Amino acid sequence: MKKKTFCPLDCFDSCAIVAQVEDGKAVKLYGSKDHPITNGFLCPKGYRLLEKVYSKERITTPLLRVKNEFHQISWNQALDMIAEQIKEILKKYNSSAILYYSGDGYEGYLRNIERLFFDYLGGATYSEGSLCWGAGLLAQKMDFGNSLCHSPFDIFNSNWIVLWGRNAIWTNLHLFYFVHMAKKQGKKVAVIDIYPTEAFKIADIGLIINPGSDSYLAYGAIKYILENGKEDREFIEKYTIGFEKVKEIASRITYEEIEKKCGVSKKDIENIVNIYIQNLYQLLLDMVRKDIQME
(Lines give C-alpha, C1' and ligand atoms only; values in the text may rest on other atoms or scores of the structure.)
Protein backbone atom coordinates (compact mmCIF):
# COMPACT_ATOMS: atom_id res chain seq x y z
CA MET A 1 0.00 0.00 0.00
CA LYS A 2 1.21 3.51 -0.83
CA LYS A 3 0.26 6.56 1.21
CA LYS A 4 0.92 10.24 0.57
CA THR A 5 2.70 12.24 3.26
CA PHE A 6 5.25 15.04 3.50
CA CYS A 7 8.71 15.78 4.87
CA PRO A 8 8.82 17.14 8.46
CA LEU A 9 12.13 18.99 7.99
CA ASP A 10 12.19 22.78 7.81
CA CYS A 11 13.70 23.54 4.40
CA PHE A 12 11.58 25.44 1.89
CA ASP A 13 11.07 22.51 -0.47
CA SER A 14 8.21 21.14 1.69
CA CYS A 15 8.64 17.85 -0.16
CA ALA A 16 5.72 15.58 -0.94
CA ILE A 17 6.52 11.96 -0.07
CA VAL A 18 4.99 8.65 -1.06
CA ALA A 19 5.44 5.99 1.63
CA GLN A 20 5.35 2.27 0.94
CA VAL A 21 3.42 0.80 3.90
CA GLU A 22 3.39 -2.87 4.91
CA ASP A 23 1.49 -4.17 7.95
CA GLY A 24 0.93 -0.62 9.18
CA LYS A 25 4.64 0.32 8.99
CA ALA A 26 6.37 2.49 6.41
CA VAL A 27 9.19 0.51 4.81
CA LYS A 28 10.31 2.79 1.98
CA LEU A 29 10.00 6.42 0.92
CA TYR A 30 9.80 7.98 -2.54
CA GLY A 31 9.60 11.52 -3.80
CA SER A 32 6.19 12.29 -5.24
CA LYS A 33 6.23 12.70 -9.02
CA ASP A 34 3.03 14.77 -8.75
CA HIS A 35 4.77 17.48 -6.72
CA PRO A 36 6.40 20.19 -8.92
CA ILE A 37 9.29 20.77 -6.50
CA THR A 38 9.97 17.24 -5.25
CA ASN A 39 9.67 15.98 -8.83
CA GLY A 40 10.08 12.30 -7.89
CA PHE A 41 13.23 12.47 -5.77
CA LEU A 42 14.29 13.37 -2.22
CA CYS A 43 17.49 14.53 -0.62
CA PRO A 44 19.60 12.01 1.37
CA LYS A 45 18.02 13.19 4.63
CA GLY A 46 14.56 12.60 3.19
CA TYR A 47 15.35 9.05 2.13
CA ARG A 48 16.69 8.28 5.64
CA LEU A 49 13.72 9.65 7.59
CA LEU A 50 12.57 6.10 8.43
CA GLU A 51 15.78 5.53 10.37
CA LYS A 52 14.82 8.48 12.54
CA VAL A 53 11.15 7.52 12.90
CA TYR A 54 11.84 3.92 13.91
CA SER A 55 15.08 4.49 15.83
CA LYS A 56 15.28 2.69 19.19
CA GLU A 57 16.85 5.85 20.64
CA ARG A 58 13.85 8.01 19.77
CA ILE A 59 12.03 9.50 22.77
CA THR A 60 8.34 8.61 22.42
CA THR A 61 6.99 9.41 25.90
CA PRO A 62 7.06 12.61 27.99
CA LEU A 63 9.88 12.93 30.53
CA LEU A 64 9.48 14.73 33.87
CA ARG A 65 12.62 16.09 35.48
CA VAL A 66 12.79 15.54 39.23
CA LYS A 67 16.00 16.66 40.96
CA ASN A 68 17.95 16.58 37.67
CA GLU A 69 16.71 13.09 36.83
CA PHE A 70 14.20 12.32 34.10
CA HIS A 71 11.26 9.98 34.70
CA GLN A 72 8.75 8.71 32.15
CA ILE A 73 5.15 9.85 32.59
CA SER A 74 2.03 9.32 30.49
CA TRP A 75 0.79 11.81 27.90
CA ASN A 76 -2.32 12.45 30.00
CA GLN A 77 -0.17 13.29 33.01
CA ALA A 78 1.99 15.66 30.97
CA LEU A 79 -0.99 17.43 29.39
CA ASP A 80 -2.74 17.75 32.76
CA MET A 81 0.38 19.32 34.32
CA ILE A 82 0.72 21.83 31.46
CA ALA A 83 -2.99 22.69 31.59
CA GLU A 84 -2.83 23.28 35.35
CA GLN A 85 0.16 25.58 34.96
CA ILE A 86 -1.62 27.60 32.26
CA LYS A 87 -4.82 27.88 34.29
CA GLU A 88 -2.84 29.05 37.32
CA ILE A 89 -1.12 31.77 35.28
CA LEU A 90 -4.40 32.94 33.73
CA LYS A 91 -6.04 33.04 37.18
CA LYS A 92 -3.19 34.92 38.84
CA TYR A 93 -2.14 37.20 35.95
CA ASN A 94 -3.35 37.11 32.33
CA SER A 95 -2.36 35.45 29.08
CA SER A 96 0.42 37.99 28.39
CA ALA A 97 2.34 36.41 31.30
CA ILE A 98 2.89 33.38 29.05
CA LEU A 99 5.96 33.63 26.81
CA TYR A 100 5.47 31.70 23.59
CA TYR A 101 8.85 30.95 22.04
CA SER A 102 9.00 28.96 18.84
CA GLY A 103 11.67 28.01 16.35
CA ASP A 104 11.18 26.98 12.74
CA GLY A 105 9.87 23.55 11.85
CA TYR A 106 8.18 21.86 8.95
CA GLU A 107 6.21 23.97 6.50
CA GLY A 108 2.99 21.91 6.43
CA TYR A 109 -0.61 22.94 7.07
CA LEU A 110 -0.21 22.56 10.86
CA ARG A 111 2.80 24.91 10.92
CA ASN A 112 1.18 27.55 13.17
CA ILE A 113 -1.50 25.58 14.98
CA GLU A 114 0.21 26.22 18.32
CA ARG A 115 -0.03 29.97 17.67
CA LEU A 116 -3.78 29.50 17.17
CA PHE A 117 -3.96 27.74 20.54
CA PHE A 118 -2.42 30.72 22.36
CA ASP A 119 -4.64 33.13 20.43
CA TYR A 120 -7.68 31.30 21.80
CA LEU A 121 -6.28 31.82 25.30
CA GLY A 122 -6.37 35.55 24.69
CA GLY A 123 -2.91 35.89 23.22
CA ALA A 124 0.52 35.61 24.77
CA THR A 125 3.89 37.36 24.77
CA TYR A 126 5.50 36.41 21.48
CA SER A 127 9.22 36.50 20.74
CA GLU A 128 10.79 38.23 17.76
CA GLY A 129 13.55 36.47 15.83
CA SER A 130 15.62 33.52 16.96
CA LEU A 131 19.21 32.54 17.60
CA CYS A 132 19.63 31.30 14.02
CA TRP A 133 17.22 32.46 11.31
CA GLY A 134 16.05 35.59 13.13
CA ALA A 135 19.07 37.68 12.16
CA GLY A 136 18.71 36.78 8.48
CA LEU A 137 14.97 37.42 8.56
CA LEU A 138 15.46 40.87 10.11
CA ALA A 139 18.15 41.72 7.55
CA GLN A 140 15.82 40.80 4.69
CA LYS A 141 13.01 42.91 6.12
CA MET A 142 15.33 45.90 6.53
CA ASP A 143 16.70 45.49 3.00
CA PHE A 144 13.51 44.62 1.10
CA GLY A 145 10.61 45.53 3.39
CA ASN A 146 9.58 41.89 3.84
CA SER A 147 10.95 38.37 3.54
CA LEU A 148 8.47 37.11 0.97
CA CYS A 149 9.96 35.16 -1.92
CA HIS A 150 8.87 34.77 -5.50
CA SER A 151 8.10 31.43 -7.12
CA PRO A 152 11.08 29.04 -7.44
CA PHE A 153 10.03 28.55 -11.08
CA ASP A 154 10.85 32.21 -11.73
CA ILE A 155 14.48 31.12 -11.89
CA PHE A 156 13.85 30.06 -15.50
CA ASN A 157 13.15 33.70 -16.36
CA SER A 158 16.66 34.70 -15.29
CA ASN A 159 19.57 35.26 -17.66
CA TRP A 160 22.12 34.88 -14.87
CA ILE A 161 21.75 32.91 -11.63
CA VAL A 162 24.06 33.81 -8.74
CA LEU A 163 24.65 31.35 -5.89
CA TRP A 164 26.45 33.42 -3.26
CA GLY A 165 27.48 31.60 -0.09
CA ARG A 166 24.96 28.85 -0.73
CA ASN A 167 25.92 25.23 -1.24
CA ALA A 168 22.57 24.41 -2.81
CA ILE A 169 23.36 20.73 -3.34
CA TRP A 170 23.46 20.26 0.44
CA THR A 171 21.03 22.96 1.59
CA ASN A 172 18.38 22.95 -1.16
CA LEU A 173 18.82 20.05 -3.55
CA HIS A 174 15.70 20.79 -5.56
CA LEU A 175 16.77 24.39 -6.11
CA PHE A 176 20.06 23.13 -7.50
CA TYR A 177 18.11 20.84 -9.83
CA PHE A 178 16.26 23.92 -11.11
CA VAL A 179 19.59 25.73 -11.56
CA HIS A 180 20.95 22.74 -13.45
CA MET A 181 17.88 22.65 -15.73
CA ALA A 182 18.12 26.41 -16.31
CA LYS A 183 21.76 25.95 -17.24
CA LYS A 184 20.70 23.43 -19.89
CA GLN A 185 18.33 26.06 -21.28
CA GLY A 186 21.25 28.41 -21.82
CA LYS A 187 21.11 30.41 -18.59
CA LYS A 188 24.43 31.48 -17.05
CA VAL A 189 25.50 30.62 -13.50
CA ALA A 190 27.85 32.49 -11.16
CA VAL A 191 28.97 30.90 -7.90
CA ILE A 192 30.61 32.71 -4.98
CA ASP A 193 31.74 30.66 -2.00
CA ILE A 194 34.64 30.04 0.37
CA TYR A 195 35.52 26.64 -1.14
CA PRO A 196 34.86 24.86 -4.44
CA THR A 197 31.45 23.25 -3.94
CA GLU A 198 29.82 20.94 -6.49
CA ALA A 199 28.06 23.98 -7.94
CA PHE A 200 31.37 25.24 -9.33
CA LYS A 201 31.24 22.39 -11.88
CA ILE A 202 28.38 24.12 -13.73
CA ALA A 203 29.49 27.71 -13.05
CA ASP A 204 30.29 30.07 -15.91
CA ILE A 205 31.99 32.31 -13.35
CA GLY A 206 33.24 31.00 -10.01
CA LEU A 207 34.78 33.08 -7.23
CA ILE A 208 36.40 31.55 -4.16
CA ILE A 209 36.69 34.23 -1.48
CA ASN A 210 38.20 34.19 1.99
CA PRO A 211 35.86 33.25 4.87
CA GLY A 212 34.10 36.25 6.38
CA SER A 213 34.93 38.59 3.51
CA ASP A 214 31.48 38.69 1.85
CA SER A 215 30.76 42.24 3.00
CA TYR A 216 34.04 43.46 1.46
CA LEU A 217 33.13 41.86 -1.85
CA ALA A 218 29.68 43.48 -1.69
CA TYR A 219 31.20 46.89 -0.95
CA GLY A 220 33.66 46.37 -3.78
CA ALA A 221 30.71 45.85 -6.11
CA ILE A 222 28.94 48.94 -4.72
CA LYS A 223 32.13 50.98 -5.09
CA TYR A 224 32.50 50.00 -8.75
CA ILE A 225 28.83 50.76 -9.51
CA LEU A 226 29.02 54.21 -7.89
CA GLU A 227 32.33 55.12 -9.52
CA ASN A 228 30.86 54.35 -12.93
CA GLY A 229 27.54 56.09 -12.28
CA LYS A 230 25.49 52.93 -12.78
CA GLU A 231 23.29 53.28 -9.68
CA ASP A 232 19.56 53.94 -9.95
CA ARG A 233 19.37 57.35 -8.27
CA GLU A 234 15.60 57.71 -8.58
CA PHE A 235 14.98 54.37 -6.86
CA ILE A 236 17.55 55.15 -4.14
CA GLU A 237 15.98 58.51 -3.32
CA LYS A 238 12.40 57.18 -3.28
CA TYR A 239 12.70 53.83 -1.59
CA THR A 240 15.91 53.51 0.45
CA ILE A 241 17.40 54.78 3.69
CA GLY A 242 21.04 54.97 4.76
CA PHE A 243 22.45 55.31 1.25
CA GLU A 244 24.85 58.14 2.12
CA LYS A 245 26.38 55.99 4.86
CA VAL A 246 26.84 53.09 2.47
CA LYS A 247 28.36 55.44 -0.10
CA GLU A 248 30.78 56.82 2.49
CA ILE A 249 31.96 53.35 3.51
CA ALA A 250 32.37 52.25 -0.11
CA SER A 251 34.43 55.33 -0.96
CA ARG A 252 36.66 54.82 2.08
CA ILE A 253 37.56 51.19 1.30
CA THR A 254 40.27 50.77 -1.32
CA TYR A 255 40.36 48.05 -3.97
CA GLU A 256 43.72 46.95 -2.55
CA GLU A 257 42.08 46.37 0.82
CA ILE A 258 39.19 44.52 -0.79
CA GLU A 259 41.53 42.30 -2.80
CA LYS A 260 43.54 41.50 0.34
CA LYS A 261 40.44 40.71 2.43
CA CYS A 262 38.62 38.71 -0.24
CA GLY A 263 41.52 37.09 -2.05
CA VAL A 264 40.08 38.09 -5.45
CA SER A 265 41.18 40.68 -7.99
CA LYS A 266 39.49 43.93 -8.95
CA LYS A 267 38.91 42.40 -12.38
CA ASP A 268 36.87 39.58 -10.80
CA ILE A 269 34.73 42.12 -8.99
CA GLU A 270 34.19 44.08 -12.22
CA ASN A 271 33.11 40.91 -14.04
CA ILE A 272 30.44 40.11 -11.45
CA VAL A 273 29.15 43.70 -11.37
CA ASN A 274 29.03 44.00 -15.16
CA ILE A 275 26.89 40.86 -15.30
CA TYR A 276 24.39 42.56 -12.99
CA ILE A 277 24.48 45.86 -14.87
CA GLN A 278 24.16 44.31 -18.33
CA ASN A 279 21.22 42.13 -17.33
CA LEU A 280 19.48 45.00 -15.56
CA TYR A 281 19.73 47.10 -18.70
CA GLN A 282 18.54 44.16 -20.81
CA LEU A 283 15.54 43.75 -18.48
CA LEU A 284 14.65 47.43 -18.82
CA LEU A 285 15.06 47.22 -22.61
CA ASP A 286 12.78 44.19 -22.77
CA MET A 287 10.17 46.04 -20.70
CA VAL A 288 10.32 49.04 -23.05
CA ARG A 289 9.98 46.79 -26.10
CA LYS A 290 6.99 45.06 -24.50
CA ASP A 291 5.31 48.42 -23.82
CA ILE A 292 5.86 49.50 -27.45
CA GLN A 293 4.37 46.27 -28.75
CA MET A 294 1.31 46.70 -26.51
CA GLU A 295 0.76 50.18 -27.85
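Judged by the mean number of other Cβ atoms found within 10 Å, the most tightly packed of the peptides 32-40, 134-142, 219-227 leads the ranking 219-227, 32-40, 134-142. For a straight C-alpha distance cut-off of 19 angstrom, the lysines reachable from Lys52 (same-chain residues fewer than eight places away being disregarded) are Lys3, Lys4, Lys25, Lys28. With R₀ fixed at 25 Å, the C-beta to C-beta distance from Glu231 to Lys267 puts the FRET efficiency at about 0.75.
Using only the Cα atoms of segment 99-257, build the gyration tensor, take square roots of its eigenvalues as a ≥ b ≥ c, and label the shape rounded, prolate or oblate: rounded if a/c is under 1.5, else prolate if a/b is larger than b/c, else oblate.
Oblate.
Working note: Karplus 6.51/-1.76/1.60 with θ = phi - 60° gives segment 265-275 the couplings 7, 4, 4, 4, 5, 4, 4, 5, 5, 5, 4 Hz, where Gly and Pro are set to x. Rolling a 1.4 Å probe across the protein heavy atoms gives the chain an accessible surface of 72 Å² per residue.
Solvent-accessible area assigned to carbon and sulfur over the chain amounts to 56 percent, based on a 1.4 Å probe.
Once you reduce segment 196-250 and segment 36-81 to the center of their Cα atoms, the two points are 43 Å from each other. Considering only alpha-carbon pairs that sit under 8 angstrom and 6 or more positions apart, the relative contact order computed for the chain is 10 percent.
Each peptide in 145-155, 170-180, 267-277 was scored by the mean count of other Cβ atoms within 10 Å over its residues; highest first, the order is 170-180, 267-277, 145-155.
Summarising the strand pairing of the chain, around 60 percent of its internal DSSP beta bridges are antiparallel.
The values are calculated or read from the model by the stated rules, or taken from the named source; none is laboratory data. Only a predicted model underlies this, so the values are computations on that prediction, with no experimental measurement involved. So basically every Cβ, Gly included, is an ideal-geometry build from the backbone, and we count neighbours across all protein chains shown. All accessible areas refer to the heavy atoms of the entire protein, side chains included, with ligands and DNA or RNA removed. Shrake-Rupley method; radii C 1.70, N 1.55, O 1.52, S 1.80 Å.
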